[in-house]
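Structure record follows, encoded as C-alpha cells.
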Amino acid sequence: MNINFTKPLLALCLCLPLGGQNVASPPAAEDAYECPMDHDVRSPNPGVCPRCGMTLIPWVADPREYAVRIATQPAALTPGRPARLFLEIVDPATGARVKSFREVHTKLLHLFLVSDDLQWFAHEHPLLDADHRFHLDVTLPKPGIYRVLADFYPAEGTPQLAPQTLIASGDAGTPAPISADLQPKDTANLHAELVTDPPVPIAGQKTRLFLRIKPGEGLEPYLGAWAHLLGASDDLIDLIHEHPWSAGGGPEMQFNLVFPRARMYRLWIQLQRKGVVNTAVFTVPVKNLD
C-alpha cells in the first residue's frame, strides 16, 4: 500500500494512492470476496488470503478514509524523555470515535514512526483503552519532525493507513542527504541481500525486490506475514507498507513495489528467525523514465 503526503510536512493532506495498489475494481460475479490488503486476490467463497493470511471480505465498492488524531502527555515532546501518545480513530461519516476494530496481522493497530533524517525507525503496537483510544509509551531520540503512520482496520470499514506528524522540541538542523545503499546486511541472526529488478527502479512502474536470506532455515511468520516492509522517501512525502508477494519460509522472498517518484527511498524490512526479529535497512535510488 502506497501513501503520499503533500507538502508542507505539517499539512496532513492525504492524496490519492499511486500505482493502483489501493484501488479496488469491480469483481466478476464469481469473485465476490477479496483480500482487504491485496485487492487482486479474490475468491467466490469466504476464506483467507494465500499471500498475507488476512480473512477475505465481501467486496467494498467505496472504502472510506479514516483519520487518526494524536494527543501527547506531556503536550510538548522533549527528546530523550518518555511520553505517552493517545491515538483516536475518527469515522469520516459521523466524526465519532471508532469503538470496534478487527485485527490486522495479529494486532489491532500497527504504528510506524520515522525521524526526518531517516536514521530512526520504530514499529510499535499501541494498546486499546476502555475509552476506545489507543496509547503508546515512546521516547523520541532527537529533536525534529517524526512522520507517523497508523495501520488499522475499523470493524465497519476497510484496512487503513492514516498519517500524522509529531515534533520533538529542539534545534534539529537540516537532515543530511541519504545515499544509495544496497550492500548486504548482517542483522540480529541472519544475513540479508536485496536485489532490485530493474537494477535502478523507475518511478511509477513496478519494481520487483528479491530479498535473499542466509541461513535459509529457521524463518518464521512475523505478525502474521513472512516479512513487513516500510519504505519512506527521503523527503518523507511517500510512505509504502508492503508484505511479500511471494514467500514460503525459504531463503528468498519477493516484494512488488511501485515507487511514486524519482527520489531516494529508505526501506526497513522486518522478518523473524528462530524467535528473533531482524530489521534490514536498505536505501534504493529511483529515477524517472528517460
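Read-outs: derived from the displayed coordinates by stated rules, not from any lab. Treat the numbers as computed from the prediction; the structure is a model and nothing was measured. Note: ideal-geometry Cβ built from the backbone for every residue, glycine included; neighbour counts use all protein chains shown.
Among 157-168, 114-125, how do they line up from the highest to the lowest mean number of other beta-carbon atoms within 10 Å? Intermediate results must be reported in sequence, preceding the final value.
Details: 157-168: 19.5, 114-125: 18.0.
Going by the mean number of other Cβ atoms within 10 Å, highest first, we get 157-168, 114-125.
Shape call for the chain from the C-alpha gyration tensor, a ≥ b ≥ c root eigenvalues: rounded (a/c under 1.5), prolate (a/b greater than b/c) or oblate? Provide the component values of the computation, followed by the final result.
Values: a/c = 1.37, a/b = 1.04, b/c = 1.32.
Cα axes put the chain in the rounded bin.
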Legend entry - Extension gain, Glu156 back to Asn288 (0.36 nm per residue minus Cα-Cα distance, nm): 43.6 nm
Legend entry - Mean Cβ neighbour count within 10 Å, used as a protection proxy, ranking 89-100, 190-201 highest first: 190-201, 89-100
Legend entry - Additional length obtainable on full extension of the chain from Trp120 to Val277, 0.36 nm per residue less Cα span: 54.9 nm
Legend entry - Packing-based ranking, highest mean first, of 35-41, 79-85, 69-75 given that Cβ atoms within 10 Å are counted: 35-41, 79-85, 69-75
Legend entry - Gap separating the Cα centres of segment 208-231 and segment 103-160, nearest whole Å: 21 Å
Inset, instruction - Excluding residues fewer than 8 places away in the same chain, name every one of the aspartates and glutamates whose C-alpha is closer than 14 Å to that of Lys274. - result: Glu217, Glu220
Legend entry - Contour minus Cα-Cα distance for Glu252 and Phe210 (0.36 nm per residue): 14.5 nm
